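K.L.:
Structure provided below as structure tokens; questions to follow.
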Amino acid sequence: MNPAPAGFALPHFQRLSMLIAFLSDVHGNLPALEAALRDAGRRGANRVICAGDMTGYGPFPNDVCRFLAKRRIPAVIGNYDRKVLDAAERTGEFAAAMKSKKFKILRWTLDHVDKRSRQYLSGLPDRLDLRIPAGGCRFAVVHGSPLSPDDAVYPSITGRGLERKLSGPRPDVLVCGHTHIPFTKRLGGMLVVNCGSAGHPVDGDWRPSYALVRVEKGERPHASIVRFADEWERTVAALEETKLPGGLRKDFSEGNKRRFAE
């Protein structure tokens, strides 16, 4: 289950033209993940890469981890994935610091991610640096930003703001997630791609999203956001069989995210 190390070039990338699907923030929504891969396959994607947050909120955290591991889909760790691992070691500390409903979600997720999946998550890097022979393109894949999985890149990001977030080798394409707000933007010659959420959209559109990036020899990389239909009824039905907060069912069906303020 070990991911490929940072700075690698996958054999599938030895092509002159590539269409790569980037997805993020699946959040335990296996039906949506399966639908995303089917949709990307129909559109001709050659490869899939995940920008983190496989766990949290949804009813299938363990299944999502095993799905990605079995298919050897390259991935980085998300902030919620890290929280799950940390909570396994310091459960009492998290219980004292979090609002009760937030902790209830974390506790349930922790209880439904087995040892094998925790090992998978713990082996994921914070960043993947990919070399794409087509066009000599360099990708950096992170969850939040190059600063940390908890940092965020929003559509309003400016060139100056982006420069402050960069660390490590400067990529041609920066891919991230975390905010659940999908967008593509070119700044200072760099293409910035936020995948949105492939499992838990929050912008009022119930359809999850992922990003497609096309790389061709002699051309600049081009990205587009794809909204796709998923079988959210399966996810909602599964949530009804759990002890997760009932409001999550409405969130997944409407494309919202409650803050569980108390």
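The values are calculated or read from the model by the stated rules, or taken from the named source; none is laboratory data. Model, not experiment: these values are computed from the prediction. Every residue, glycine as well, gets a Cβ built from its backbone with ideal geometry; the counts of neighbours run over all protein chains shown. These accessible areas exclude ligands, DNA and RNA; they are computed on the full protein's heavy atoms, side chains included. Shrake-Rupley method; radii C 1.70, N 1.55, O 1.52, S 1.80 Å.
K.L.:
Using θ = phi - 60° and the Karplus relation 6.51 cos²θ - 1.76 cosθ + 1.60, list the HN-Hα couplings for region 145-157 in order, rounded to whole Hz, with x at every Gly or Pro.
P.N.:
Each residue of region 145-157 in turn: 7, x, 6, 5, x, 8, 6, 9, 10, 9, x, 7, 3 Hz.
K.L.:
Keeping all protein chains in place, calculate the accessible area per residue for the chain (probe 1.4 angstrom), answer in Å².
P.N.:
Ligands and nucleic acids excluded, the result is 43 Å² per residue.
K.L.:
Quick one: which residues, 5+ away or cross-chain, put their amide H under 5 Å from the amide H of Lys217? H built at 1.01 Å from N.
P.N.:
Residues meeting the amide H criterion: Gly135.
K.L.:
Right, something else. In square nanometres, what is the average projected area of the Cα convex hull of region 111-262? Could the numbers behind the result be given before it?
P.N.:
Details: hull surface 44.4 nm².
Projected area, direction-averaged: 11.1 nm².
K.L.:
Let me ask another. Which entries in Lys70/Lys185; Lys165/Lys243; Lys99/Lys250; Lys165/Lys257; Lys165/Lys217 show an alpha-carbon gap greater than 30 Å?
P.N.:
Going by Cα-Cα distance, Lys70/Lys185; Lys165/Lys243 fall outside the 30 Å limit.
K.L.:
Right, next: Here are a few candidate values for Rg and Dmax of the Cα atoms in Å: (1) 16.9, 48; (2) 17.5, 55; (3) 18.2, 61. Which one was actually calculated from the structure I just gave you?
P.N.:
Of the listed options (1) 16.9, 48; (2) 17.5, 55; (3) 18.2, 61, (2) comes from this structure.
K.L.:
Just tell me which aspartates and glutamates come within less than 16 Å, Cα to Cα, of Lys83; anything on the same chain fewer than 8 places away is out.
P.N.:
Asp25, Asp53, Glu93, Asp111, Asp114, Asp126, Asp150, Asp151
K.L.:
I want the antiparallel fraction of DSSP beta bridges within region 133-243, as a percent rounded to 5.
P.N.:
So the antiparallel bridges in region 133-243 amount to around 60 percent.
K.L.:
Can you work out ³J(HN,Hα) from phi for every residue in region 189-206, in order, using Karplus 6.51 cos²θ - 1.76 cosθ + 1.60 and θ = phi - 60°, giving whole Hz and x for Gly and Pro?
P.N.:
Working through the residues one at a time gives x, 9, 8, 9, 10, 9, 5, x, 10, 7, x, 8, x, 10, 9, x, 9, 5 Hz.
K.L.:
Please report the relative contact order for region 122-212, taking Cα pairs under 8 Å with a sequence separation of at least 6, and give it as a percent rounded to a whole number.
P.N.:
That works out to 21 percent.
K.L.:
Calculate the dipole size of the chain relative to its Cα centre from +1 charges on Lys and Arg beta carbons and -1 charges on Asp and Glu beta carbons; express the result in debye to the nearest 20.
P.N.:
That gives the chain a dipole magnitude of about 440 debye.
K.L.:
Still on this model: Express the carbon and sulfur contribution to the solvent-accessible surface of region 20-179 as a percent, rounded to the nearest whole number, probe 1.4 angstrom. All intermediate terms of the calculation are to be shown ahead of the outcome.
P.N.:
Numbers: 2990 of 6370 Å².
It is 47 percent, rounded to a whole number.
K.L.:
So what J values fall out for region 171-181 if you push phi through Karplus, 6.51 cos²θ - 1.76 cosθ + 1.60 with θ = phi - 60°, rounded to Hz, Gly and Pro as x?
P.N.:
x, 7, 10, 9, 10, 8, x, 6, 6, 6, 10
K.L.:
Right, here's the next one. Give the separation of the Cα centroids, region 100-156 to region 173-231, in Å.
P.N.:
Result: 15 Å between the Cα centres.
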